[in-house]
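Q: Take this structure first; my questions come after.
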Amino acid sequence: MGNSTTAVTTVIFLDLAVMTLVGSLLAALVVRWRQPAVIGEIIAGILLGPTLLGALPGHLTTVLFPTSVRPVLSALASVGLVLFMFGIGYEIDFGHLRTARRSVISVALAGVLLPFGLGSGLGVWFYREHAGLAGHGVSELSFVLFLGVAMAITAFPVLARIIASCGLTGTRFGTYMMTCSAGSDVVAWSVLAFVTALITGHGIGNGFRLTALLLAYVLALVFVVRPALRWALTHERLRDHGVGAAFPLAVVGLFVSAWVTTRLGFQPIFGAFAFGAVFPRDTVKAIAPSLPRLIERASLLLVPLFFITAGLNADIIGLGARGWLDCLLVVAVACFGKFVGAATAARCNGIQPRRAAAIGVLMNSRGLTELVVIQVGVSLGVIDQRLTAMMIVMAVVTTVAATPLFRWLYNDADQVASGGAIQVDDRVLLSIGRD
């Protein structure tokens, strides 16, 4: 028993070293090309998986990542994932959502509903080709709804970083886009929670029951936990300790919240996301402004493992000719639904055509968040390995295309042609109808 544990631990140390090295090198490379680091980490996983390393003689992927250690790697990646999801929830400013104009609401909803509808239609078609899923208890309704949600997700963190890299943080356009993305993701995550309840609850009735339990928990977070956190953080015994008290409070709370949602039958990411969303931002900014950065740093080692392990499951070569045609269809439906939905809603609200197109492009970026949704689908057994590979390709393509297309669409006479920080004049950013 001891020797077996030692052997597994030894392999894990080697795997962590290899994954961190390859992921860091590729992340640094894609960053030089003005792409998010997550793209390099996903590609690292794909290269270390059956697509490249596994295709070489000697089954190197199996040797380097044996079946006995993959659950441990997945567990470590899950810890990083809940830390990451806390950050996503914390970054969403619900104050903007409460004061949002009708144009923001319509763009956010259109950016969800159209891709959700098209993705659900694609799910009806794909379920016939992935009929093996039915043998594992996956109903057609669950599969269709899940694929719809997967098409409707926007990568809020990626969008925020694109906005920042273009020098638009704090501007009217930047705030507008952040609000649209936040509203869109709140709707999409809510639908995903219902789909998860539908799958784990084994029926629509139980699905509604589990959703009601999750809603009750969220209400408890808002009306009980949030005030308690604010009181604790401002209590004289903790206030003077600043981040020294806030950090363990946040970490313990997000792990407990992840445990609660897991016990309810949902994924732990929902608990971490909800806890981050209710964590009192104003109080943290006053007494421990470095807290979000500390949690982000704590996740820096483990989050890349999540993206790399996701890439390990993608056998791109194994898709075959028919699989690549289906993959192109997935990418086309994903891009068309998001772009057309968001851009059309923006134009209907009086936003200039080029700005509306830029909004559609930004809303189409998926990146990190799409990988989280894919992981949920894999863990629930809703999508098979072939469809997982297609979804990962879609996530990479939409994220890679977002930054250069946005810079091109947002190119005006008052902007830097070299592709550096965009020079902003808020007076010409938008032309939104008054409402």
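The values are calculated or read from the model by the stated rules, or taken from the named source; none is laboratory data. Because the structure is a prediction, the values reported are computed rather than measured. A quick note on method: Cβ atoms are made from the backbone with ideal geometry, for glycine too, and the neighbour counts reach across all protein chains shown. Quick note on the areas: whole protein, heavy atoms, side chains included, nothing else; ligands and nucleic acids left out. Shrake-Rupley method; radii C 1.70, N 1.55, O 1.52, S 1.80 Å.
Q: With the radius of gyration and the Kirkwood radius both derived from the Cα set of the chain, what is their ratio Rg to Rh?
A: On the way: Rg = 21.7 Å, Rh = 22.5 Å.
Checking Rg against Rh, the ratio lands at 0.96.
Q: Cα gyration tensor of the stretch 254-400, axes a ≥ b ≥ c as square roots of the eigenvalues: rounded (a/c below 1.5), prolate (a/b > b/c) or oblate?
A: Judged from the Cα gyration tensor, the stretch 254-400 comes out oblate (a/c at least 1.5, b/c at or above a/b).
Q: Sort the stretch 50-91 into rounded, prolate or oblate with this rule: let a ≥ b ≥ c be the square roots of the eigenvalues of the Cα gyration tensor; rounded if a/c is under 1.5, and if a/c is not under 1.5, prolate when a/b is larger than b/c, oblate otherwise. If you can, show how the numbers build up before the last one.
A: Values: a/c = 7.21, a/b = 2.49, b/c = 2.89.
Oblate shape, in that a/c is at least 1.5 and b/c is the bigger or equal ratio.
Q: Using all C-alpha to C-alpha distances in the stretch 309-381, build P(r) with 10 Å bins and read off the rounded percent in each one.
A: 18, 34, 30, 15, 3
Q: Counting only helical runs of four or more DSSP H residues, what would the 222 nm mean residue ellipticity of the chain come to if each run contributes -39,500 (n - 2.57) and the total is spread over all its residues?
A: Values: 21 runs with 324 residues, N = 435.
When only DSSP H runs of four or more count, the value is -24500 deg cm²/dmol.
Q: Percent of Cα-Cα pairs per 5 Å bin, from 0 to the last occupied bin, for the stretch 294-333, please list those.
A: Pair shares across the bins are 6, 20, 14, 15, 15, 9, 10, 8, 2, 0.
Q: Here's a follow-up. Want the number for Trp33 to Trp259: 0.36 nm per residue separation, take away the alpha-carbon distance, what's left?
A: Details: separation 226, 0.36 × 226 = 81.36 nm, distance 3.89 nm.
Using 0.36 nm per residue and subtracting the Cα-Cα distance, I get 77.5 nm.
Q: Mind putting a number on the dipole of the chain about its Cα centre? Charges go on the C-beta only, +1 for Lys and Arg and -1 for Asp and Glu, and I need it in Debye to the nearest 20.
A: Details: 29 positive and 20 negative charges, 150 e Å.
Approximately 720 debye in magnitude.
Q: Can you give me the Cα centroid spacing of the stretch 66-80 and the stretch 168-237 in angstrom?
A: Each part reduced to its Cα centre gives a spacing of 27 Å.
Q: What is the pair-distance distribution P(r) of the stretch 170-221, computed from all Cα-Cα distances in 5 Å bins starting at 0, with each bin given as a whole percent?
A: Pairs per bin, as whole percents: 5, 20, 18, 17, 13, 10, 9, 5, 3, 0.
Q: Okay, next question. Considering only protein heavy atoms and a 1.4 Å probe, what is the carbon-and-sulfur percentage of the accessible area of the chain?
A: 68
Q: Sticking with this one: With a 1.4 Å probe and all protein chains kept in place, how much accessible area does Trp125 have, in Å² rounded to the nearest 10?
A: 120
Q: For the pair Ala401 and Leu21, what calculated FRET efficiency results from E = 1/(1 + (r/R0)^6), where r is the Cβ-Cβ distance and R0 = 35 Å, to the nearest 0.05? Could the numbers behind the result be given before it?
A: On the way: r = 28 Å, r/R0 = 0.79.
Once rounded, the FRET efficiency stands at 0.80.
Q: Here is a follow-up. If you average the sequence gap of Cα pairs under 8 Å that are 6 or more apart and divide by the length of the stretch 217-335, what percent do you get for the contact order? Please report the intermediate quantities before stating the final value.
A: On the way: 67 pairs, mean separation 29.3, N = 119.
Relative contact order, the stretch 217-335: 25 percent.
Q: Between the stretch 387-407 and the stretch 288-305, how far is it from one alpha carbon centroid to the other, in angstrom?
A: Here the answer is 25 Å between Cα centres.
Q: Let me ask another. Mind checking which of Ala77, Gly311, Gly87 is farthest towards the positive end of the chain's charge dipole, using Cβ charges of +1 (Lys, Arg) and -1 (Asp, Glu) about the Cα centre?
A: The residue sitting most towards the positive pole is Gly87.
Q: Next question. What span do the alpha-carbon atoms of the stretch 239-333 cover on each of the three principal axes, reported in whole Å from largest to smallest?
A: 63, 29, 24
Q: Accessible area per residue, 1.4 Å probe, Å², for the chain: what's the number?
A: 43
Q: Among the chymotrypsin sites (Phe, Trp or Tyr not before Pro) in the stretch 1-85, which ones are in a DSSP loop with at most 13 other Cβ atoms within 10 Å of the Cβ? Mind listing them? Numbers along the way, then the final one.
A: Working: sites: Phe13, Trp33, Phe84; in loops: Trp33.
Taking the stretch 1-85 and a limit of 13 other Cβ atoms within 10 Å, the loop chymotrypsin sites (Phe, Trp or Tyr not before Pro) found are Trp33.
Q: How large is the convex hull of the Cα atoms of the stretch 149-294 per residue, expressed in Å³ as a whole number? Could the numbers behind the result be given before it?
A: Details: hull volume 16.9 nm³, N = 146.
Looking at the stretch 149-294, the number lands at 116 Å³ per residue.
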